[in-house]
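Report on the following structure.
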Amino acid sequence: MRQDAKENYIMIKQHAAKLFATHGVEHVSMQQIAKSLNIGPGTLYRHFADKGVLCFHLLEDDFNQLFDDFDDILATEQSNYDKLDKMLNALLKFKYDNEALHLCIEQHEMKYLFKATSHYKKLYQSFEVLFKEHPNAVFITDMLLNALTTRSFQHQIYYRKNSLIHFKDNLLKLYGPLTKNIMKG
């Protein structure tokens, strides 16, 4: 990428993040971003195909940190149950802290493209390894990740009035027994 293109990319991300923080992700359009930056829509769309892609790129550093945390958790000598507990804590906090950006990704074309990204594959692999001894590991991992979509997350938190801890504990009750080496207490 040319230097001026890199600078535009960074400038757009920083400006969009400020607009989203001020007005809310759902209230800022791609046209508003381009207009407030005094750039043409083509320049904006050259870098980000739609708002979902822009939101995805705004979460890139946070995704990388989440995966670093997962790697640290997976490298421990704890039981798979304990690893699942800690990974769910990290993922639910990540969801909560970035809820509007996640929802933006899931409401745009990006939701279909997300499952083809290295981020999704890493997320999937991180959880699948916990169920690898189970004959239905693929299905179990798919269902767990579907339970953690932003819409499901919002339903549990806002409609069912579950706290993050209660939501996580319920997921552990469902998926924890499917890990191979549960530590008996």
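Tell me, please, whether a residue that is small (Gly, Ala, Ser), modelled with pLDDT of 95 or more and either surrounded by 12 or more Cβ atoms within 10 Å (Cβ to Cβ) or in contact with a His (Cβ under 9 Å, 6 or more places away or on another chain) (or both) can be found in the range 154-164. Taking every residue of the range 154-164 in turn, none turns out to be small (Gly, Ala, Ser), modelled with pLDDT of 95 or more and either surrounded by 12 or more Cβ atoms within 10 Å (Cβ to Cβ) or in contact with a His (Cβ under 9 Å, 6 or more places away or on another chain) (or both).
Can you spot a residue in the range 119-131 that is in a helix (DSSP H, G or I), within 15 Å of Phe56 (Cβ to Cβ) and out of contact with any helix residue (DSSP H, G or I) (no Cβ under 6 Å at 6 or more places or on another chain)? Yes, the range 119-131 contains a residue that is in a helix (DSSP H, G or I), within 15 Å of Phe56 (Cβ to Cβ) and out of contact with any helix residue (DSSP H, G or I) (no Cβ under 6 Å at 6 or more places or on another chain). In the range 137-159, the residues that are at negative phi reach residues that are of a type in the set (S, T, N, Q) and not in a helix (DSSP H, G or I) with C-beta atoms within less than 9 angstrom, at least six apart or across chains, in these pairs: Gln156/Asn162; Ile157/Ser163.
Listed here are the residues, each with its yes/no results for (1) part of a helix (DSSP H, G or I); (2) in contact with a Leu (Cβ under 7 Å, 6 or more places away or on another chain); (3) closer than 30 Å to Phe48 by Cα; (4) not assigned by TED's automatic domain parsing to the domain that holds Ser29.
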residue	(1), (2), (3), (4)
Phe67	yes, no, yes, yes
Asp72	yes, no, no, yes
Ile105	yes, no, yes, yes
Ala116	no, no, yes, yes
Val138	yes, no, no, yes
Asn146	yes, no, yes, yes
Asp169	yes, no, no, yes
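Within the range 102-148, which residues are among the small types (Gly, Ala, Ser) and crowded, with 18+ Cβ neighbours inside 10 Å? Selection gives Ser126 alone. Residue under question is Phe63, and the condition is that it be part of a helix (DSSP H, G or I), at pLDDT 95 or above and under 19 Å from the mean Cα position of the chain (by Cα); does it hold? The answer is yes for Phe63. A residue that is within 21 Å of the chain's Cα centre (by Cα), modelled with pLDDT of 95 or more and over 17 Å from Gln107 (Cβ atoms) occurs nowhere in the range 27-45.
The values are calculated or read from the model by the stated rules, or taken from the named source; none is laboratory data. Bear in mind that the values here come from a model prediction, so they are computed numbers and not experimental data. No Cβ is skipped: glycine too gets one built from the backbone with ideal geometry, and neighbour counts run over all protein chains shown.
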